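All remarks here apply to the structure that follows.
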Amino acid sequence: MPRLKNITVQSSSPLLLLRQIRDVMAQAASAQARLDQVVSIIAGGFASEVCSVYLLRAGDILELYASQGLKKTSVHLTRLSVGQGLVGEIAATAEPLNLANAEAHPKFVYRPETGEEIYSSFVGVPILQGGKVIGVLVVQGKKAQSYTPDQVEVLQTVAMVLSELAISGQLVDAKEIKTATGGLMAQQLTGVRLSSGMARAPAVLHQPQLVITQYVAADPDHEKTRLDAALRSLQESFGAFIESSGLSDDDEQRQIIETYLLFTQDRGWIARIDDAIASGLTAEAAVKKVQEELQARMSQLASPYIKERIQDLEDLSNHLLQALLGKPVVPEAQELPEAFILVARSLGPAELLDYDHKRIKGLVLEEGSLTSHTAVIARAMDIPALARVERATAVIQPGDTVIVDAESGNVYVRPSDSVEQAMAAHLHHYDMREAEYALFRDLEAETRDGTRISLNINAGLFVDSASVMQAGVDGIGLYRTELPYMTSATFPEVEAQRQLYASMYAQLPGRRIVFRSFDIGGDKKVPYLHAGEEENPAMGWRATRIGLDRPGILRDQFRAMVQAAAGQPLYVMFPFIAQLAEFDAAKKLLLQEVARAAVKPSPLRIGLMIEIPSSLWQLEALMQRADFVSIGSNDLMQFLFACDRGAAHMADSYDTLSPVMLCVVREVVEKAKARHVEVSFCGEMARKPLEALALLGVGVRTLSVSASAVGPLKRMIRSLTLAEINEYLPFLLQSPEASVRPWLAAWARDHGVMV
């Protein structure tokens, strides 16, 4: 190992102090040797007798790693728990501590092996990385005095530079740093379940994670120029967006961008960054330093307004870092763990599909709702997912261990050993329940009084063939053909689509596959479809509307389906049909492709989704033209109640077990039955045993759900006497209440129905 060059220790300006530290860290000596000299430089620079560095180890233990002034024998011997002593208090709160008389503080802990009892003054600051405490830097002196705010600021700057050495893995194993909570204590967050299940994995944040490689600057003036240029660039880009957007003055999106533009001129924020640059940091390191301080303080604040403003400043800091580093904020596959929990403020379905579905073990969102398309994709991926988890992106740091318990709606962040043990037991119980569901695998979905219910699987990019081929499952009740469109940079060619659809037939021999023509548009944006901005995309240019306006696209898809069927049965249904003429037009395009095919599907069955209320007043005519219909409760609910399914604050406004919704379903079933048309139900409502019980009670006999819902539904169906629920449901439908959920749940409990 090369020997460390001697660097003269002297009382110096903050800038000279940083340069001395930079020179030490640039040498090819061991990390421990460099750290030992750094504490000597800091002690000399502060004209104090003691400087010490404590680093975080596994189990939330702070170990003394280097010291100038304390007994040398105490290095690597003295250890404190997070929260224990003054050092532990700094780690627990992520806040500096500045004391003239350390022993008078209630948190002071006497450690005789250090010899620190002779020192009165004490100042310590956290060493932060990604908002997480990974160590503590301490300066002590014999004279009883408080250190000045400028000295505390300098020490915080030095701590940031030290973080580079601390996370290098040369002092503490990188795995220990990642698994330790880092002073940000174990927390439990709550949310709304999007997809059931449990998972434990490290966190990956769907937000900018930019790596800074140079912390100490040689020329502060140059760094100030770089910062000013980056700020001007942001101001110009925000200003250009406002000018070109055409948004009205009261538009929320415009107001947000204008707020960000004001933040780029915030004197207090910019002044803090300027001060950090003046102390010797590069522009990006200065921005990061101020951002780290904001993150550390967020958990201590009570005001929601202030928290929101700090969150906005964090977002702006990420924009500024991106401008300074000149790097796109796109996670590379090689940068991601083999298994991870994805955490985001909000996430569109296309963004979720950008990640390798085999690696994502769970999803945590601050926004979103049960019926959003992102939730649909999460269920298709069969991963546990929660939405409306407040402050998830502020509390959860990259690499944190996270347990997602979607069954109870809880997220455990940096769980303690006791929580880990409890969750392990919970996971064991979950596995036992899944094993119980597996016992129904070879049994039909048949009620106690002998009525067989048709169960089907919803699928898209990911198809669990084993689940589809089990007893009691008739096939794919909803194949979302738009998912391949969302993962392609251009419209998929006919041959590419044909191969995909043909692979479905090959995987599922003898099983029915219902292909839904593409439902792109709305919140399922694709890069090659220039729909423009829509005030209400859920009611805008999407699905069959796009196909009829650009019939060549729809005909290409129909051609691929007909060729893939190759004489086998072909079931096609059209989404988002608002009026009879749209169904007739889409059907005509499909029949044209069938007519030109050399090998025609046999039989050909054509249906539609009942999801726009206007179709309810055309049921008679539709039933004369359609071979089958499928009720899509997600869109139908939001249009029926004028309740945006993507709005988190509206998610609980209307219950799926509303008498209104059940009466609508009953009417569709009755009209279809009169014309001998099959009715299936493929919305989110169908996958929950209690809701499915209500659907059976109003006459639905075909359900299409995610693969993970089949077991619970089979158990419910096989415990049910259908005649009893058929007799009880009409009584509930007369209820003036907003939901019949409590009465239906009580009835199920009294009649031994497993919901």
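The values are calculated or read from the model by the stated rules, or taken from the named source; none is laboratory data. This structure is a prediction, so every number in the text was calculated from the model and none was measured. In this analysis, Cβ positions are derived from the backbone assuming ideal geometry, glycine residues included, and neighbour counts consider all displayed protein chains.
For the criterion of being surrounded by fewer than 16 Cβ atoms within 10 Å (Cβ to Cβ), assigned by TED's automatic domain parsing to the domain that holds T481 and at pLDDT below 95, R545 fails. Within region 112-138, the residues that satisfy the criterion of being in a loop (DSSP other than H, G, I, E, B) and more than 37 Å from the chain's Cα centre (by Cα) are P112, E113, T114, G115, Y119, S120. Select from region 282-303 the residues that are touching a strand residue (DSSP E or B) at 6+ places or on another chain (Cβ under 7 Å) and either modelled with pLDDT under 75 or among the hydrophobic types (A, V, I, L, M, F, W, C) (or both) and list them in ascending order. Those that are touching a strand residue (DSSP E or B) at 6+ places or on another chain (Cβ under 7 Å) and either modelled with pLDDT under 75 or among the hydrophobic types (A, V, I, L, M, F, W, C) (or both): E292, A296.
Check region 139-148 and report whether any residue there is assigned by TED's automatic domain parsing to the domain that holds S74, modelled with pLDDT of 85 or more and either assigned to a helix (DSSP H, G or I) or under 24 Å from D60 (Cβ atoms) (or both). Within region 139-148, one or more residues are assigned by TED's automatic domain parsing to the domain that holds S74, modelled with pLDDT of 85 or more and either assigned to a helix (DSSP H, G or I) or under 24 Å from D60 (Cβ atoms) (or both). Among the residues of region 52-81, just one is buried (at least 24 other Cβ atoms within 10 Å of the Cβ) and β-branched (V, I, T), namely V53. Applying the criterion of being farther than 19 Å from E611 by Cβ and touching a strand residue (DSSP E or B) at 6+ places or on another chain (Cβ under 9 Å) to the residues of region 668-710, the residue that is surrounded by the fewest Cβ atoms within 10 Å (Cβ to Cβ) is K673.
Scanning region 712-748 for residues that are over 17 Å from D449 (Cα atoms), in contact with an Asp or Glu (Cβ under 7 Å, 6 or more places away or on another chain) and not hydroxyl-bearing (S, T, Y), we see that the one that is surrounded by the most Cβ atoms within 10 Å (Cβ to Cβ) is R741. Based on this model, can you work out whether M754 counts as among the aliphatic types (A, V, I, L, M) and closer than 29 Å to P575 by Cβ? No; evaluated as a whole, the condition is false for this residue.
If only one of L729, L696 is modelled with pLDDT of 95 or more and assigned by TED's automatic domain parsing to the domain that holds V664, which one is it? The unique qualifying residue is L696.
If you check M573, M637 for being in contact (Cβ under 8 Å) with a residue 24 or more places away in the chain, crowded, with 16+ Cβ neighbours inside 10 Å and in a helix (DSSP H, G or I), only one passes: M637. Within region 26-44, residues that are assigned by TED's automatic domain parsing to the domain that holds A159 have Cβ atoms under 7 Å from residues that are of a type in the set (S, T, Y) in these pairs: A31/S168; L35/Y65; V39/S52; V39/S67; G44/S11, counting only partners at least 6 apart in sequence or on another chain. The set of residues in region 154-171 being closer than 12 Å to S279 by Cβ and either under 35 Å from the mean Cα position of the chain (by Cα) or surrounded by fewer than 16 Cβ atoms within 10 Å (Cβ to Cβ) (or both) consists of Q156, T157, V158, A159, M160, V161. Of the listed requirements (1) touching a residue at least 12 places away in the same chain (Cβ under 8 Å); (2) part of a loop (DSSP other than H, G, I, E, B), A642 misses just one: (1). Contact map, region 557-570: first residue assigned by TED's automatic domain parsing to the domain that holds E495 and within 14 Å of A586 (Cβ to Cβ), second residue part of a helix (DSSP H, G or I) and aromatic (F, W, Y), Cβ cut-off under 6 Å, separation 6 or more or different chains; pairs are M561/Y501. Scanning region 586-611 for residues that are buried (at least 20 other Cβ atoms within 10 Å of the Cβ) and among the β-branched types (V, I, T) yields a total of 1. Residue pairs whose Cβ atoms lie under 7 Å apart, sitting 6 or more positions apart in sequence or on different chains, and linking a residue in region 334-351 that is farther than 15 Å from R388 by Cα and modelled with pLDDT of 75 or more to a partner that is assigned to a loop (DSSP other than H, G, I, E, B) and of a type in the set (G, A, S), do not occur here.
Table: residues versus (1) under 21 Å from D354 (Cβ atoms); (2) modelled with pLDDT of 80 or more; (3) surrounded by 18 or more Cβ atoms within 10 Å (Cβ to Cβ); (4) not charged (D, E, K, R).
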{"residue": "L439", "(1), (2), (3), (4)": "no, yes, no, yes"}
{"residue": "R448", "(1), (2), (3), (4)": "no, yes, no, no"}
{"residue": "T451", "(1), (2), (3), (4)": "no, yes, no, yes"}
{"residue": "I457", "(1), (2), (3), (4)": "no, yes, yes, yes"}
{"residue": "V473", "(1), (2), (3), (4)": "no, yes, yes, yes"}
{"residue": "T487", "(1), (2), (3), (4)": "yes, no, no, yes"}
{"residue": "F491", "(1), (2), (3), (4)": "yes, no, yes, yes"}
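Just one of the listed residues (V389, V413) is within 25 Å of L128 (Cα to Cα), at pLDDT 80 or above and in contact with a helix residue (DSSP H, G or I) (Cβ under 8 Å, 6 or more places away or on another chain), namely V413. Only one of the numbered conditions (1) modelled with pLDDT under 75; (2) under 25 Å from S168 (Cα atoms) is not met by T259, and that is (2).
For region 39-50, the criterion of being surrounded by fewer than 18 Cβ atoms within 10 Å (Cβ to Cβ) and within 40 Å of the chain's Cα centre (by Cα) is met by none of the residues. Are any of the residues in region 413-433 surrounded by fewer than 16 Cβ atoms within 10 Å (Cβ to Cβ), in a strand (DSSP E or B) and among the charged types (D, E, K, R)? No, because not a single residue in region 413-433 is surrounded by fewer than 16 Cβ atoms within 10 Å (Cβ to Cβ), in a strand (DSSP E or B) and among the charged types (D, E, K, R).
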